[in-house]
Amino acid sequence: MIQSTAPHHLHAILTRVRDSGKGQYAEGWVTALEADWGSAEFSKRHAEVVNLLSLTIHQLQALPERSRDRFMRHVPAWWSAVIQPKANWADNGRAATQIVDLDLLDHLESAADLISANLSGSEGAPVGADLGEISQQCQEWVEFLLGMGSEDLGDALRGQLISQLRHVVWLIEHVDLFGEARVSGEVSHAIGSLAQAGSVVGGRNPEAAGRWTRAFLSLMAACAIFNAGAPVVQEAIEAGSSLAGEIVAVVQDVQN
């Protein structure tokens with residue numbers, strides 16, 4: 001079983017490309033990502049691989065200085081393996097096994113293990129296993145938002161939130177490929193967007209604001225439990241209540 005971090009799943013995907021036995025980079029990526037070459041789905045999945053690399057780079061910054069500097073030296077080579085900016089991916093002279101050498105994969109796996117040890121219990125290395133609750137709540141949020149009027153939130157903001165939440169559900173459906181840390185990070189972004197949008201709803205529809213706050217705190221608690229693997233519902237609710245109150249207070253001050 002692959003560990004939850006972004007670099008562990010990046011390592012697994014690059015290994016699948018390399019070990020695919022295909023005669024082209026493109027064919028190797030198609031095998032690893034299980035999507036047709038040139039399709040929108042392939043583009044979407046490869047973009048998520050780039051996100052895994054971006055998360056890896058960010059998480060390296062959380063390591064002790066000596067470890068961080070040692071692994072940052074390999075980032076350009078990892079980027080090149082993912083992007084291959086100078087290669088024709090459909091070139092029959094570039095077998096998938098050439099996409100990255102084993103030493104670079106070993107360095108990536110070592111970085112992943114260190115990140116996992118240092119960030120365990122956070123969104124960078126969640127320790128929970130069940131994403132069912134988060135998926136259900138995201139789908140319920142989508143239904144809630146679809147049922148809201150334009151006067152309560154605004155079509156543009158509502159569309160943005162729905163897109164974010166649907167992407168979380170999509171990532172959960174593909175968690176074996178992209179990993180739990182990618183899901184956790186996207187949920188955290190969605191929670192931040194919902195918190196900001198909640199101040200808009202609170203100023204327009206107090207009745208909807210109450211339901212919004214309850215749903216917001218439930219999603220925050222589910223995310224916290226998944227990250228930490230511990231019963232932290234009360235702490236999450238208290239934190240969420242404080243955050244929601246502070247946001248509303250700041251918005252009211254600005255409006256006044």
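Can you confirm whether the stretch 52-73 contains a residue that is in contact (Cβ under 8 Å) with a residue 12 or more places away in the chain, at negative phi and charged (D, E, K, R)? No, the conditions are met nowhere in the stretch 52-73. For the residues 17, 82, 50, the requirement of being among the hydrophobic types (A, V, I, L, M, F, W, C), open to solvent by 50 Å² or more (accessible area, probe 1.4 Å), part of a helix (DSSP H, G or I) and at pLDDT 95 or above singles out 50. Residues of the stretch 2-30 that are without any contact (Cβ under 8 Å) to a residue 40 or more places away in the chain and not small (Gly, Ala, Ser): 16, 30. I'd like the residue in the stretch 88-108 that is open to solvent by less than 20 Å² (accessible area, probe 1.4 Å) and farther than 15 Å from residue 56 by Cα and, out of all such residues, is farthest from the chain's Cα centre (by Cα). Going through the qualifying residues, I end up with 96. Note on the stretch 58-79: residues that are assigned to a helix (DSSP H, G or I), surrounded by fewer than 17 Cβ atoms within 10 Å (Cβ to Cβ) and touching a helix residue (DSSP H, G or I) at 6+ places or on another chain (Cβ under 8 Å) total 6. Of the helices (runs of 4 or more DSSP H) lying entirely inside the stretch 112-193, those containing at least 1 residues that are of a type in the set (Ser, Thr, Tyr) and open to solvent by less than 50 Å² (accessible area, probe 1.4 Å) are 132-146. Can you confirm whether residue 23 is surrounded by 13 or more Cβ atoms within 10 Å (Cβ to Cβ), part of a loop (DSSP other than H, G, I, E, B) and either touching a helix residue (DSSP H, G or I) at 6+ places or on another chain (Cβ under 9 Å) or among the aliphatic types (A, V, I, L, M) (or both)? It is true that residue 23 is surrounded by 13 or more Cβ atoms within 10 Å (Cβ to Cβ), part of a loop (DSSP other than H, G, I, E, B) and either touching a helix residue (DSSP H, G or I) at 6+ places or on another chain (Cβ under 9 Å) or among the aliphatic types (A, V, I, L, M) (or both). When the stretch 26-47 is filtered for residues that are in a helix (DSSP H, G or I), open to solvent by less than 30 Å² (accessible area, probe 1.4 Å) and of a type in the set (Gly, Ala, Ser), the ones remaining, listed by number, are 26, 28, 32. Is there a residue in the stretch 200-216 that is surrounded by 17 or more Cβ atoms within 10 Å (Cβ to Cβ), of a type outside the set (S, T, N, Q) and under 25 Å from residue 47 (Cβ atoms)? No.
The values are calculated or read from the model by the stated rules, or taken from the named source; none is laboratory data. All of these numbers come straight from a predicted model, not from anything done at the bench. Note: ideal-geometry Cβ built from the backbone for every residue, glycine included; neighbour counts use all protein chains shown. Ligands, DNA and RNA are excluded from the accessible area calculation, which covers all protein heavy atoms including side chains. Shrake-Rupley method; radii C 1.70, N 1.55, O 1.52, S 1.80 Å.
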